[in-house]
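A short write-up of the structure that comes next.
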């Protein structure tokens, strides 16, 4: 949420992302031949449990430095542009975020309700992330991606369990059915 609701179905482009299969069975894998960009929504095998598929938005690509302080997000020292919209009925702060040419909605809890960021477990390349003063800064390693959910404060994502290896990418979301 807010980009995907519980009753939405998505169409995922798998060709070009190196992870080919059907009905939950991987037929074969090969190197990715299509690039992924910041702002793309991807389906991937959840790194702590690859039997589960997750859907999140790519925020950081290999080599990026991702910084979060409160609800503010920066990539390589540049703050990601966003504009405040009306709050939701549940009192969440709603923003329109602009990443490259992609524009999408995100949600944040009120500042007083945010929990401090802490990793759930030790994860591969955890040394690339520093957690301090309620925020974090991560350097995305080669062959990996940093992902966030659009419902930022109610999403377990790279802030908590680490980076998504390129080999875990199943495909890129190309269409949402309402």
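The values are calculated or read from the model by the stated rules, or taken from the named source; none is laboratory data. Everything quoted here is computed from the prediction, not taken from an experiment. Using ideal geometry, Cβ is built from the backbone for each residue, glycine included, and neighbour counts are taken over all protein chains shown.
Would you check which residues across region 95-124 are surrounded by 15 or more Cβ atoms within 10 Å (Cβ to Cβ) and at pLDDT 80 or above and list them?
Within region 95-124, 95, 97, 99, 104, 105, 106, 107, 108, 109, 123 meet the criteria.
For region 1-31, what are the residues that are surrounded by 10 or more Cβ atoms within 10 Å (Cβ to Cβ) and part of a strand (DSSP E or B)?
Across region 1-31, the qualifying residues are 10, 11, 12, 13, 19, 20, 21, 26, 29.
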